[in-house]
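Notes for the one structure printed next.
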Amino acid sequence: MSRYLGEILFLVFLLTGILTNKHYGFSWDEPQQRATGLVNYDYIFTDSKELNSWVDRDYGVAFELPLIFTEKILQLDVDRDIYPARHLITHILFLFSAYIFFKLVDLIFKNKWLSSLGFILIVTQPLLYGHSFFNSKDLPFLSMFIISLFCIAKAFNQKNYRNFILLGISIGLLINIRLMGIMVPVLALTFMLLDGVLENRIREHLIFAVTLIGVSAITLYITWPFLWENPTRNFMQAIENMSKFRFDKEMLFLGELIKPTKIDWRYIPVWFSISTPIGYLIVGLIGIFILLIQSIKQPFQFISNTPKRNILFALAFFIAPILAIIVLHSVLYDGWRQVYFIYPPFILLGLYGIAQTYSFSRKLGTSITVLVTISIFSTGWFMIKNFPLGHTYFNPIISLRETDYARKHFEVDYWGLSYKTGFEYILENDTSEDITVAVANFPGNLNKKALSYEDNLRVRVTGENEAKYFLTEYRFHAYEYDSNRYENYHVIRTANNTVLQIFKIK
């Protein structure tokens, strides 16, 4: 049975995803993401030149275009069908990447039970699991990042043209999805040239390097219509635009509303620490500590082409993006979504820590495994109990504080999926045929479309002066609402934190 553990885990979670997919609401960015895909589709298959003036023309569409192709093939024409289909495809890619992570861990450690633990730690991160349905930006990047890590491990484990061509394809797609993927070939090429020197095979490694660069560039060009007319100029423009990202809304962080350009060095470390399960954090930090000690004592084992180099890659891919953001004062928004890809390397470090502690002391290794197991069950229970709003997870650092501490100090449901849950609650408890609802933000309008055809007929989204109910996820509104105008009707919570408030308007 152990031979098929990865396949079994993948199929179990795939079936779960298929059965639960339609319960998720629609998220804030999805219409714009889909529109970008449609504009690129029209640019390819019609005479449309709208791409040249499209606001997000510099967004890669390696993932968005397949979503549009699927929509066209299945002839989906209403939002309540289109977005669940997008969600399911995004989720399947995430699960496939978790399966590839299983393969990566098995390649490094030759241990399928440790590989299974790696798969589970990927898919039971509540924040990422929730986003794996509705986030077609950051989760596809995370998924492609895992696939690229596996391709790197394979290419360096067995250096041949086939493996470097596959690595080049994965890197081209990765950079297309998010330009931050450029760091992957930089590190890979650095160690490839280092190997050439250490193994006295410089010419052969240079050929591999040229192959990697060439295949990556061709893949990037073919899959990104924005580059077709002027590849060099448009690619440099995309990089420049990324450094001055188009987002200036205020965000709630540590109880203060701040501009994305004004965040300090704590932003990513704090978000990562409060939205990752405690047990997972402890194991990852143990792995980092052990790796740092060992690499200082025996640096050549990690620099030379051995399985341990993959752990050094993991450390680099976890730490370097955080340091780069701090040093460059990068524009960030909505939690740590732009660096979700640092989580798989962190888990890989944690698995290394578990493997090493068993080699030191079986009792210590068993204790850490028990800790992780308890954390997995605790996290899994949260995901089940709070379905489909698991993406609003905060670990006990935050969730054990006073009621609504998270809502008053951090962004919670900034994607707005909870509006669907709010509509469903009203529909279950108000038998009126004409229900008027006002909403605080755009996802409220969007999630009305997520309702069934019959429920859609009963609900009208109107202005507050006409509405009976008012729904808010508190985004851009860190303070309380006026009790003279709004009467509490129902609160949707995860743990002890308000995700969505339903008021009756007086």
Q. Among the residues of the stretch 84-93, is there at least one that is more than 23 Å from the chain's Cα centre (by Cα), β-branched (Val, Ile, Thr) and modelled with pLDDT of 95 or more?
A. no
Q | Within the stretch 203-250, considering residues that are touching a Phe, Trp or Tyr at 6+ places or on another chain (Cβ under 6 Å) and under 24 Å from Ala324 (Cα atoms), the one modelled with the lowest pLDDT | A | Phe247
Q: Looking for whichever is open to solvent by less than 60 Å² (accessible area, probe 1.4 Å), in contact (Cβ under 8 Å) with a residue 60 or more places away in the chain, of a type outside the set (Phe, Trp, Tyr) and in a helix (DSSP H, G or I) here; the options are Met242, Met183. Which one fits?
A: Met183
Q.
Condition (residue is in contact with a strand residue (DSSP E or B) (Cβ under 8 Å, 6 or more places away or on another chain), over 23 Å from Glu30 (Cα atoms), open to solvent by 60 Å² or more (accessible area, probe 1.4 Å) and polar (S, T, N, Q)) applied to the stretch 391-405: is it met by at least one residue?
A. yes
Q | Residue list for the stretch 38-48, filter: assigned to a helix (DSSP H, G or I) and either open to solvent by 60 Å² or more (accessible area, probe 1.4 Å) or more than 16 Å from Trp228 (Cβ to Cβ) (or both) | A | Leu38, Phe45
Q | Spans of helices (runs of 4 or more DSSP H) in the stretch 49-155 with at least 3 residues aliphatic (A, V, I, L, M) and open to solvent by 10 Å² or more (accessible area, probe 1.4 Å) | A | 79-109, 112-123
Q: Go through (1) part of a loop (DSSP other than H, G, I, E, B); (2) within 19 Å of Leu117 (Cα to Cα); (3) not β-branched (Val, Ile, Thr) and name the single condition Leu281 misses.
A: (1)
**Q.** Sole residue being more than 30 Å from Thr472 (Cα to Cα), aliphatic (A, V, I, L, M) and out of contact with any Ser or Thr (no Cβ under 6 Å at 6 or more places or on another chain), chosen from Leu15, Leu19, Leu88
**A.** Leu15
Q. When you look at Arg485, is it among the charged types (D, E, K, R), within 24 Å of Pro31 (Cβ to Cβ), in contact with a strand residue (DSSP E or B) (Cβ under 8 Å, 6 or more places away or on another chain) and open to solvent by 60 Å² or more (accessible area, probe 1.4 Å), yes or no?
A. no
Q. Do any strands (runs of 3 or more DSSP E) lying entirely in the stretch 424-476 carry at least 1 residues that are in contact (Cβ under 8 Å) with a residue 60 or more places away in the chain, and which ones are they?
A. 435-439
**Q.** Lone qualifier among Leu193, Leu198 - being without any contact (Cβ under 8 Å) to a residue 60 or more places away in the chain, open to solvent by 20 Å² or more (accessible area, probe 1.4 Å) and more than 24 Å from Leu38 (Cα to Cα)
**A.** Leu193
Q) Pairs under 7 Å by beta carbon, first residue over 18 Å from Leu292 (Cα atoms) in the stretch 335-358, partner outside any helix (DSSP H, G or I) and aliphatic (A, V, I, L, M), six or more apart or different chains? A) Gln338/Leu332
Q: Identify all residues within the stretch 254-298 that are under 16 Å from Ser330 (Cβ atoms) and open to solvent by less than 70 Å² (accessible area, probe 1.4 Å); write none if there are none.
A: Ile258, Pro260, Ile263, Asp264, Tyr267, Ile268, Pro269, Val270, Trp271, Phe272
Q: Report, by residue number, each residue of the stretch 313-336 that is in a helix (DSSP H, G or I), farther than 19 Å from Gly284 by Cβ and not β-branched (Val, Ile, Thr).
A: Ala324, Leu328
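Could you please let me know if Arg458 is surrounded by 17 or more Cβ atoms within 10 Å (Cβ to Cβ), more than 32 Å from the chain's Cα centre (by Cα), under 19 Å from Gly25 (Cα atoms) and among the basic types (Lys, Arg)?
Spelling it out, Arg458 is indeed surrounded by 17 or more Cβ atoms within 10 Å (Cβ to Cβ), more than 32 Å from the chain's Cα centre (by Cα), under 19 Å from Gly25 (Cα atoms) and among the basic types (Lys, Arg).
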Q) When the stretch 16-32 is examined, which residues are found to be open to solvent by 10 Å² or more (accessible area, probe 1.4 Å), within 18 Å of Ile177 (Cβ to Cβ) and either in a helix (DSSP H, G or I) or among the aromatic types (Phe, Trp, Tyr) (or both)? A) Gln32
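The values are calculated or read from the model by the stated rules, or taken from the named source; none is laboratory data. Keep in mind the model is a prediction, meaning the values are calculated, not measured. Positions of Cβ are generated from backbone atoms using ideal geometry, with glycine treated the same way; all protein chains shown enter the neighbour counts. Each accessible area value is taken on the protein alone, full model and side chains, heavy atoms only, with ligands, DNA and RNA left out. Shrake-Rupley method; radii C 1.70, N 1.55, O 1.52, S 1.80 Å.
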